[in-house]
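A.B. asks: One structure, pasted below without further comment.
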Amino acid sequence: MSSHLRITPSILNADFSQLDSEIAKIASVSDYIHLDVMDDVFVPNFTFDFDAATKIIKSSPIPIDSHLMVADVDQIAIDYAQAGSASVTIHAEATHDIRATLKGIRFHGARSALALKPGTEIDGYESYVDEVDMFLIMTVEPGFGGQKFMESMMEKVRRTRKLIGSRPIWLQVDGGISLETIEIAVEAGADTFVAGSAVFKAEDPAQMVIALRERALSSKL
Ligand SMILES: O=C(CO)[C@@H](O)[C@H](O)COP(=O)(O)O
Ligand SMILES: [Fe+2]
């Protein structure tokens, strides 16, 4: 897949009763599968417990990008890295020790990522650039798929892009990404895109992933 832009579809809006075949539909055209883990504490919704998530991680044909929307995430993040999640995202609002947890994720062989809710500014997180492989700027309030893209988050994306500078840190956006909004996010500086309902509500999910990638690449030119 392209080394400059990445499409990481979320399975939150997929058919949970047949996840293997839902993932199989898009695996060959996606960079990662985005696994939204929600505990009904940090966000008002529940998706997968650790055992269910581990089954998905171990059976997926392509790497898993675990987005942990859980309270007290520090040890859970290590568990996900040890379970084989290729990338583990913690929310800045849910950890007691950002630096130690990001280091621990990497120590256990996963890429480390730090997510910010819409109400959390990027300022103050510059000091973690040596421990983070990806920043995730939420473009919806975490908890549900199918919400409206928050264009007001583009200023934070621009500031995060500036903070990253020439470092090999990916800049992911998550929430309301579609053929229309992906262009806005590319122009602001994002390079990694989560799309849930745009992909799984499409007639042909794989074709939508391809179209999202093409739209992002053409917006970058
Ligand atoms: O983390 C989340 C929601 O909290 C996202 O990953 C959504 O699941 C993306 O879904 P769409 O907004 O693309 O439908
Ligand atoms: Fe997510």
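The values are calculated or read from the model by the stated rules, or taken from the named source; none is laboratory data. All values derive from a computational prediction rather than experimental measurement. For neighbour counting, all protein chains shown are included, and Cβ atoms are generated from backbone atoms with ideal geometry for every residue, glycine included. Quick note on the areas: whole protein, heavy atoms, side chains included, nothing else; ligands and nucleic acids left out. Shrake-Rupley method; radii C 1.70, N 1.55, O 1.52, S 1.80 Å.
A.B. asks: Could you give each residue of the stretch 186-201 its phi-based ³J(HN,Hα) in whole Hz, using Karplus coefficients 6.51, -1.76, 1.60 with θ = phi - 60°, and x for Gly or Pro?
C.D. replies: Per residue, the Karplus-derived 3J(HN,Hα) values read 4, 4, 7, x, 6, 9, 9, 10, 8, 9, x, 5, 4, 7, 7, 8 Hz.
A.B. asks: Which value, in Å², gives the accessible area per residue of the chain when a 1.4 Å probe is used on the protein heavy atoms?
C.D. replies: Values: 9280 Å² over 221 residues.
Per-residue value: 42 Å².
A.B. asks: Something else: Protein chains only, probe 1.4 Å: how do SER59, SER166 rank by accessible area, largest first?
C.D. replies: Of SER59, SER166, the descending order of accessible area is SER166, SER59.
A.B. asks: Among TYR128, PRO44, LEU163, whose Cα sits farthest toward the positive end of the charge dipole of the chain (+1 at Cβ of Lys/Arg, -1 at Cβ of Asp/Glu, about the Cα centre)?
C.D. replies: The residue sitting farthest along the positive end of the dipole is LEU163.
A.B. asks: How high is the FRET efficiency from GLU141 to ASP97, r the C-beta distance, R0 25 Å, rounded to 0.05? Before the final figure, lay out the partial values.
C.D. replies: Values: r = 25 Å, r/R0 = 0.99.
For R0 = 25 Å, the calculated efficiency reads 0.50.
A.B. asks: Here is a follow-up. Which log10 I(q)/I(0) values does the chain give at q = 0.13, 0.14, 0.18 Å⁻¹ under the Debye formula, counting every alpha carbon as one identical point scatterer?
C.D. replies: Values, matching the q order: -0.66, -0.78, -1.39.
A.B. asks: For ARG111, ARG215, ARG167, give me the order by solvent-accessible area with a 1.4 Å probe, most accessible first, ignoring ligands, DNA and RNA.
C.D. replies: Working: ARG111 60, ARG215 80, ARG167 100 Å².
Solvent-accessible surface, decreasing: ARG167, ARG215, ARG111.
A.B. asks: How far is it, in nm, from the label point at ASP49 to the one at SER28 when both lie 7 Å from their Cα along the line to the Cβ?
C.D. replies: 3.6
A.B. asks: Tell me the accessible surface of VAL41 in square angstrom (1.4 angstrom probe, heavy atoms of protein chains only), to the nearest ten.
C.D. replies: Accessible area of VAL41: about 110 Å².
A.B. asks: Over all directions, the average projected area of the alpha-carbon convex hull for the stretch 122-221 comes to how many nm²?
C.D. replies: Values: hull surface 26.2 nm².
One quarter of the hull surface, i.e. the mean projection, equals 6.6 nm².
A.B. asks: Nearest 20 debye, what's the magnitude of the dipole of the stretch 60-191 about its Cα centre given +1 on Lys and Arg Cβ and -1 on Asp and Glu Cβ?
C.D. replies: 240
A.B. asks: Order PHE46, PHE135 by their accessible area, 1.4 angstrom probe, all chains in place, largest first.
C.D. replies: Working: PHE46 115, PHE135 0 Å².
Order by accessible area, largest first: PHE46, PHE135.
A.B. asks: Ignoring ligands, DNA and RNA, what percent of the 1.4 Å accessible area of the stretch 6-220 is carbon and sulfur?
C.D. replies: About 51 percent, which is the carbon plus sulfur part of the accessible surface.
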